[in-house]
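Here the structure is laid out as structure tokens; the discussion comes afterwards.
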Amino acid sequence: MSERPRIVIVGAGISGLTAAYRLAEAFDITVLEAADRAGGHIRTEERGGLLLEWGPDSLVAHKPAGERLCRELGLGSRLLRLRSGGSRMQVVTGGRLQQVPEGYLMIAPTRMMPLIRSPLLSPLGRTRAALERMIPARRDEADESLQSFVTRRWGQEAYERVAEPVFGGLFAADATRLSAQACVPRMHALENTYGNVATGLRKMMAAHGAGNRPRAGVYALDGGMSVLVEALEQRLPDGALRFRTSVCDLQRGGAGWRLLLDGGETLDADAVVLACPAFVASRLLRATAPELAAQLDAVEYASCATVNLLYDASAMRTPLHGFGFFVARSENSPLLACNYASLKFDGRAPLGCVLLRAFLGGAGRASLDGLDDGQLVRVAHEGLAALLDLRGAPRFGRARRFIDALPQPVVGIGQTRERLAAGSDRLALCGSACGWVGLPDCIESAEKAAERVAEETARSEGIERAG
Ligand SMILES: Cc1cc2nc3c(=O)[nH]c(=O)nc-3n(C[C@H](O)[C@H](O)[C@H](O)COP(=O)(O)OP(=O)(O)OC[C@H]3O[C@@H](n4cnc5c(N)ncnc54)[C@H](O)[C@@H]3O)c2cc1C
């Protein structure tokens with residue numbers, strides 16, 4: 001029998017694996033995973049010269065937790081940057097693909113000439129966006145919707161034609177409900193500090209100095225995101241990961257917790273980390289910790305589908321620019337976004353072919369429920385063919401659904417995350433269970449959860465042994 005306290009982690013997505021990796025040195029760990037594989041939403045498939053990412057394909061560089069973990073696991077040399085070719089965002093509004101003006105920082109124009117020359121906004125819309133520095137600050141640190149923040153600062157058109165498609169697409173969200181503090185925390189804070197965002201950004205950039213700016217862009221992994229999952233799995237002790245093992249209930253037991261598994265087995269743990277979706281965590285805690293369960297119910301989820309489509313390069317009658325696009329909700333299109341996978345990163349498709357990754361669905365958009373996978377492929381192809389002027393059918397097309405997959409960063413999510421991160425005695429929550437979305441944030445929240453539960457467990461074990 002192991003002398004070390006046992007910590008059970010529920011869920012082997014990126015959050016559960018990260019927490020397990022951090023805890024494995026000092027504790028006896030067990031990771032329980034309902035599926036027959038690790039990775040959760042991370043799912044890379046290699047197939048006939050294609051590298052298909054169904055879930056996440058990249059890590060944002062300005063949140064360092066993802067890159068740091070990759071380097072620590074010896075994956076530094078496998079981090080891929082975007083291929084050259086321009087990284088300007090594109091949006092679909094008014095039925096066509098349009099470039100977001102150069103110098104746009106997510107929601108904020110930082111260069112006047114490209115903004116003034118851009119046809120994306122009307123002359124009135126451009127003037128309104130350019131006047132951001134003249135708009136008085138709200139001087140209120142409370143959260144507000146992204147829609148309210150962007151409309152107040154840069155005007156309605158800047159919201160409808162840039163912020164809405166970009167953030168609606170990134171989170172498969174109804175952007176009217178998104179939180180400004182969660183989606184653009186730095187810009188929201190700059191308004192309070194400097195009175196307007198333009199001045200704040202200028203001062204921030206000057207303070208960082210040319211060589212010391214926060215990292216921009218994204219990283220992928222050579223071999224796909226599953227490489228990170230495999231590296232974490234390899235660091236766990238033999239037998240620590242149990243697949244096809246669903247946790248059905250969680251009760252207080254002895255000094256810690258008792259987990260009821262789907263086969264009727266029970267497992268005792270000194271501490272538990274919940275790294276499963278929030279709605280699963282809520283179910284597990286309903287009887288034992290009803291208040292925490294109610295807070296977990298506040299985390300909303302959206303569904304979407306990914307469609308990977310492979311075309312001959314000759315199908316592109318018009319050359320593709322940039323790395324993809326987001327579709328404004330006002331288009332009433334089933335397409336949410338598309339990224340040009342093989343233009344974005346090396347090693348995704350054979351020479352002479354172009355791999356496109358389309359996203360369908362999302363909150364507040366037409367439901368995909370009535371469509372089978374073949375129809376999803378057809379809908380995605382038809383949408384792309386019209387927008388990108390494609391000739392002929394795809395050589396390959398497949399779809400995968402992600403049901404209730406993406407926690408929604410809606411107004412108030414910051415407080416919900418804080419409350420959930422506090423967990424309960426010898427119980428920590430992280431990643432999706434805390435309402436986080438995006439690999440770097442999930443990794444960081446898992447590291448914090450592991451640290452908290454390790455401290456608590458070590459402290460109470462010390463007390464018990466001394467007592
Ligand atoms: C289509 C798509 C594209 C995305 N693209 C990006 C991107 O490019 N970059 C980025 O940073 N992020 C992206 N994300 C978000 C990112 O994938 C997620 O935020 C992250 O993977 C969530 O990890 P997690 O471990 O917290 O949760 P999950 O991945 O949901 O893992 C939870 C695990 O818990 C298991 N589980 C559930 N119930 C039980 C139970 N009762 N008992 C035991 N186990 C259970 C599940 O099977 C699952 O393995 C994308 C997400 C999707 C869906």
Around LEU97 (Cβ within 14 Å, Cβ-to-Cβ, excluding LEU97; K/R +1, D/E -1) the net charge comes to +2
Projected label distance in nm at GLU291 and ARG71, using a 7 Å step from Cα toward the beta-carbon: 4.1 nm
Once the Cα atoms of helix 197-208 and of the chain are each reduced to a long axis, what angle between those two axes, in degrees from 0 to 90 to the nearest 10, is obtained? 70 degrees
So for region 301-407, using the alpha carbon gyration tensor with a ≥ b ≥ c as root eigenvalues (a/c under 1.5 gives rounded; past that, a/b versus b/c decides prolate or oblate), I'd call it prolate
Compute the acute angle (0 to 90°) between the alpha-carbon long axis of helix 185-194 and the principal axis of greatest extent of the alpha-carbon atoms of the chain; round to the nearest 10°. 70 degrees
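Averaging sequence separations of C-alpha pairs under 8 Å and six or more residues apart, then dividing by the length of the chain, give the relative contact order as a whole percent.
On the way: 966 pairs, mean separation 108.4, N = 467.
RCO, the chain: 23 percent.
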Each label sits 7 Å from Cα toward the beta-carbon; between GLU102 and ALA313 the label points are separated, in nm, by 2.6 nm
Let me know the Kirkwood hydrodynamic radius for region 99-212, please, with Cα pairs as the basis and the value in Å to one decimal. 14.2 Å
How do GLU382, GLU102 stack up against each other in accessible area, from largest to smallest, with a 1.4 angstrom probe? GLU382, GLU102
Expected sort for 48-55, 244-251 on mean C-beta neighbours within 10 Å, highest first, is 48-55, 244-251
Which order do the peptides 29-38, 145-154 come out in when sorted by mean C-beta neighbours inside 10 angstrom, highest first? 145-154, 29-38
Go through region 79-108 and name the trypsin sites (Lys or Arg not before Pro) that are in a DSSP coil and have 16 or fewer other Cβ atoms within 10 Å of their Cβ. ARG83, ARG88
With the dipole of the chain worked out from charges on the C-beta (+1 for Lys and Arg, -1 for Asp and Glu) around the Cα centre, which of LEU429, ILE42, ALA293 lies farthest toward the positive end? ILE42
With Cα coordinates, the longest principal axis of the chain makes an angle with the long axis of helix 439-466, in degrees rounded to 10, of 20 degrees
Considering the dipole of the chain built from charges on the beta carbon (Lys and Arg +1, Asp and Glu -1) around the Cα centre, which of VAL162, VAL229, SER15 is farthest to its positive end? VAL162
From largest accessible area down, sort VAL411, VAL162; use a 1.4 Å probe on the protein chains. VAL411, VAL162
Treating only Lys and Arg (+1) and Asp and Glu (-1) as charged, each at its beta carbon, one finds that region 99-212 has a dipole about its Cα centre, in Debye to the nearest 20, of 440 debye
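Send over the semi-axes of the chain's equivalent ellipsoid, whole angstrom and largest first, taken as the square roots of 5 times the C-alpha gyration tensor eigenvalues. Show your work: numbers first, answer last.
On the way: eigenvalues 304, 149, 83 Å².
Semi-axes from the Cα gyration tensor: 39, 27, 20 Å.
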Net charge around ALA158, counting only other residues with Cβ within less than 10 Å of its Cβ (Lys, Arg = +1; Asp, Glu = -1)? 0
SER367 paired with ASP249, simple spin-label distance in nm, labels 7 Å along Cα-to-beta-carbon: 3.2 nm
Please give the residues of region 288-302, grouped as numeric ranges, whose backbone N is less than 18 Å from a label point set 7 Å along the Cα-to-Cβ vector of ALA142. none
D for region 401-467, whole µm²/s, Stokes-Einstein with Kirkwood Rh over alpha-carbon pairs at 25 °C and 0.890 mPa s: what number? 187 µm²/s
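Is it possible to state the helix-based mean residue ellipticity at 222 nm for the chain, with each DSSP H run of 4+ residues giving -39500 (n - 2.57), the sum divided by total residues, to the nearest 500 deg cm²/dmol? What is it? Working shown, then result.
Details: 16 runs with 158 residues, N = 467.
Using -39500 (n - 2.57) per qualifying helix, the result is -10000 deg cm²/dmol.
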Within region 259-279, name every residue whose backbone N is under 16 Å away from a label modeled 7 Å from Cα of ARG459 along the Cβ vector. 271-272
Taking +1 at the Cβ of each Lys and Arg and -1 at the Cβ of each Asp and Glu, which of GLY347, PRO114, LEU69 sits farthest along the dipole of the chain towards its positive end, judged by Cα position relative to the Cα centre? PRO114
Hits among aspartates and glutamates - C-alpha to C-alpha of LYS63 under 18 Å, sequence gap 8 or more where chains match: GLU72, ASP441, GLU444, GLU447
How far is the Cα center of region 1-20 from the Cα center of region 330-367, in Å? 35 Å
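The values are calculated or read from the model by the stated rules, or taken from the named source; none is laboratory data. Bear in mind that the values here come from a model prediction, so they are computed numbers and not experimental data. Glycine gets a Cβ as well: all are built from the backbone with ideal geometry, and neighbour counts include every protein chain shown. Note: areas computed on protein heavy atoms with side chains; ligands, DNA, RNA excluded. Shrake-Rupley method; radii C 1.70, N 1.55, O 1.52, S 1.80 Å.
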